[in-house]
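> This structure is in structure tokens; I'll ask about it shortly.
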Amino acid sequence: MSERREFFSARRIGLVGSHRGDAGLFSVFCQQIGRNLAARQDLIVAIAGRMSGKHADDPAVRRRLERYVTGDSQFTTGFLEVIPEQDIGDRIETYVFARESNDARFRHLGRVIQVEGRTREARRFSMIHAVDGLIAVSGTGGTDQQITFALATQTPVLPVPCFGNRAAQHWDNNEDDLAAQMGLTRQDCKRWKTPPKTEEEAKALAEEMLDRFLASLSKRCFVIMPFAEDFDALNHGVIDPAVQSFGDEPIHLGNRGEPGDVGEQIREGIDKADYIICVLDGLRPNVLFELGMAQAKGKPTILLWSEKRQEAESVPFDIAHEQRINYGAVDDALLSRLQKAIGHVR
């Protein structure tokens, strides 16, 4: 199974839920979530494998399955409207038992992840362990388990409140924390808990909830700086604490020591980062090259430059006009200034 939180991998968003009875606007909502996720090239969708009702051997099981409209199927219906099934590649991951991986009764989309264990709980928990965030809509027992496990492991979760059932119950139990996490007002929460009345309302609500949830996830900061011990205090005493104070993850390629093509790792790290911190001290060619790559990709960038070094270094004209933090000492004042800058760019 894939490791959790690989720095250079796309983020994984788990999708769960089901609805019984008239599921018209539930389906519209879920399909819009799927469309919007498909449009985000930096995200992978994770779902748990599910038996198709028409292929169930036991008539009683088939009838039970057919009573539910599953969120998994509705999310992927919207996803497939944007990306045809033959082009999915690994943009969708389906979590299944080993014995289900070649079972025709199960529909497998994208990359199939075989999990250990022979229970549905093992499959559900394996998926939650692998994702960076979970979106749950309505649902019953299985959805309840996945939300509970996500909350217990501090995996960010959006239990959609407007379609009732277990997701709404979890929202009610955790509303204050969820609102703080996503920066919601009381009026926002009230509106999110109100069921949509039209397809347009359902689509708009899906887009708003998804955008607010994705924006609340921890972000990645790619750090561009010289590889030298002289910068350890700046790195460990200021940059790392500043980034981590927001719950974000600093990526220092020099600290990872992973085999492979360093140039490709730099490109992937910059491409997957949400923002960049660049230390100009010394005006090293590799630093300026990486900074150029980051700016070409439109990444928000914070520049740091020692006032002492500026006496002997002339900043290149094409970045001379950019705002930067000129620092004299590596201290708490610099940490505070960097935190303020991060708050603006993230």
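> For the stretch 14-30, which positions are in a helix (DSSP H, G or I) and closer than 16 Å to LEU134 by Cα? Write out each step before concluding.
So in the stretch 14-30, the residues in a helix (DSSP H, G or I) come out as 24-30.
The answer is PHE29, CYS30.
> May I pose another question? Anything in the stretch 127-151 that is part of a loop (DSSP other than H, G, I, E, B), over 18 Å from the mean Cα position of the chain (by Cα) and surrounded by 24 or more Cβ atoms within 10 Å (Cβ to Cβ)? List them, or say none. Explain how you work it out, then say what you get.
Restricting attention to the stretch 127-151, the residues satisfying the condition of being part of a loop (DSSP other than H, G, I, E, B) are 131-132, 139-140.
In the following step, the residues that additionally are over 18 Å from the mean Cα position of the chain (by Cα) were identified as 139-140.
Correct list: GLY139 only.
> Taking the criterion of being at pLDDT 90 or above and closer than 13 Å to LEU109 by Cα, would at least one residue in the stretch 18-35 satisfy it?
Checking the stretch 18-35: not a single residue is at pLDDT 90 or above and closer than 13 Å to LEU109 by Cα.
> Looking only at the stretch 152-160, decide whether some residue is open to solvent by 10 Å² or more (accessible area, probe 1.4 Å), in contact with a strand residue (DSSP E or B) (Cβ under 8 Å, 6 or more places away or on another chain), modelled with pLDDT under 95 and not hydroxyl-bearing (Ser, Thr, Tyr). It would help to see each step written out before you state the result.
Step one: of the stretch 152-160, the residues open to solvent by 10 Å² or more (accessible area, probe 1.4 Å) are 152-154, 156.
Those still in the list that are in contact with a strand residue (DSSP E or B) (Cβ under 8 Å, 6 or more places away or on another chain) too: 156.
Filter once more, keeping what is modelled with pLDDT under 95: none.
Looking for residues that are open to solvent by 10 Å² or more (accessible area, probe 1.4 Å), in contact with a strand residue (DSSP E or B) (Cβ under 8 Å, 6 or more places away or on another chain), modelled with pLDDT under 95 and not hydroxyl-bearing (Ser, Thr, Tyr), one finds none in the stretch 152-160, hence no.
> Moving on to the next point. Can you tell me which residue within the stretch 250-270, out of those that are under 30 Å from SER336 (Cβ atoms) and surrounded by fewer than 17 Cβ atoms within 10 Å (Cβ to Cβ), is modelled with the lowest pLDDT?
Kept after step one, since they are under 30 Å from SER336 (Cβ atoms), are these residues of the stretch 250-270: 250-256, 266, 269-270.
Then keep just the ones that are surrounded by fewer than 17 Cβ atoms within 10 Å (Cβ to Cβ); that gives 254-256.
Numbers: GLY254: 67, ASN255: 57, ARG256: 53.
The residue in question is ARG256.
> Filter the stretch 211-231 for residues that are farther than 24 Å from ILE342 by Cβ and in contact with a strand residue (DSSP E or B) (Cβ under 9 Å, 6 or more places away or on another chain) and give the result. Show your work before the answer.
Initial filter on the stretch 211-231 (farther than 24 Å from ILE342 by Cβ): 229.
Matches in the stretch 211-231: none.
> Okay, moving on. How many residues are within 27 Å of PRO84 (Cβ to Cβ) and open to solvent by 20 Å² or more (accessible area, probe 1.4 Å) when one looks only at the stretch 104-122?
Qualifying residue count for the region: 9.
> Looking at LEU205, LEU151, LEU178, can you tell me which residue is farther than 22 Å from ASP274 by Cβ, free of Cβ contacts under 8 Å to residues at least 24 places away in the same chain and of a type outside the set (Phe, Trp, Tyr)?
LEU151
> Does ALA46 satisfy being closer than 19 Å to ARG124 by Cβ, modelled with pLDDT of 75 or more and small (Gly, Ala, Ser)? Can you show your working first?
Details: closer than 19 Å to ARG124 by Cβ: yes; modelled with pLDDT of 75 or more: yes; small (Gly, Ala, Ser): yes.
Judged against the criteria, ALA46 is a match.
> Please work out if ILE266 is in a helix (DSSP H, G or I), of a type in the set (A, V, I, L, M, F, W, C), in contact with a Leu (Cβ under 7 Å, 6 or more places away or on another chain) and in contact (Cβ under 8 Å) with a residue 24 or more places away in the chain. Explain how you work it out, then say what you get.
On the way: in a helix (DSSP H, G or I): yes; of a type in the set (A, V, I, L, M, F, W, C): yes; in contact with a Leu (Cβ under 7 Å, 6 or more places away or on another chain): yes; in contact (Cβ under 8 Å) with a residue 24 or more places away in the chain: yes.
It is true that ILE266 is in a helix (DSSP H, G or I), of a type in the set (A, V, I, L, M, F, W, C), in contact with a Leu (Cβ under 7 Å, 6 or more places away or on another chain) and in contact (Cβ under 8 Å) with a residue 24 or more places away in the chain.
> When you scan the stretch 159-231 for helices (runs of 4 or more DSSP H) that lie fully inside it, which ones turn up with 2 or more residues that are polar (S, T, N, Q)? Step through it out loud before you land on a result.
Details: elements: 165-182, 186-192, 199-216.
In the stretch 159-231, 165-182 are the helices (runs of 4 or more DSSP H) which contain 2 or more residues that are polar (S, T, N, Q).
> For residues that are assigned to a helix (DSSP H, G or I) and either loosely packed, with under 12 Cβ neighbours inside 10 Å or modelled with pLDDT of 95 or more (or both), tally how many sit in the stretch 295-346. Talk me through it step by step, then tell me what you get.
Of the residues in the stretch 295-346, the ones assigned to a helix (DSSP H, G or I) are 295-296, 307-310, 332-345.
Subset that is either loosely packed, with under 12 Cβ neighbours inside 10 Å or modelled with pLDDT of 95 or more (or both): 296, 307, 332-344.
Final tally of qualifying residues: 15.
> Counting only residues that are loosely packed, with under 15 Cβ neighbours inside 10 Å and modelled with pLDDT of 90 or more, which one in the stretch 86-103 is farthest from ARG40 (Cα to Cα)?
Of everything passing the filter in the stretch 86-103, GLN86 is farthest from ARG40 (Cα to Cα).
The values are calculated or read from the model by the stated rules, or taken from the named source; none is laboratory data. Owing to the predicted nature of the structure, the values given are computational and were not obtained by experimental measurement. When we count neighbours, we look across all protein chains shown, and the Cβ atoms used for this are built from the backbone with ideal geometry, even at glycine. The accessibility values were calculated without ligands, DNA or RNA, using every heavy atom of the protein model including side chains. Shrake-Rupley method; radii C 1.70, N 1.55, O 1.52, S 1.80 Å.
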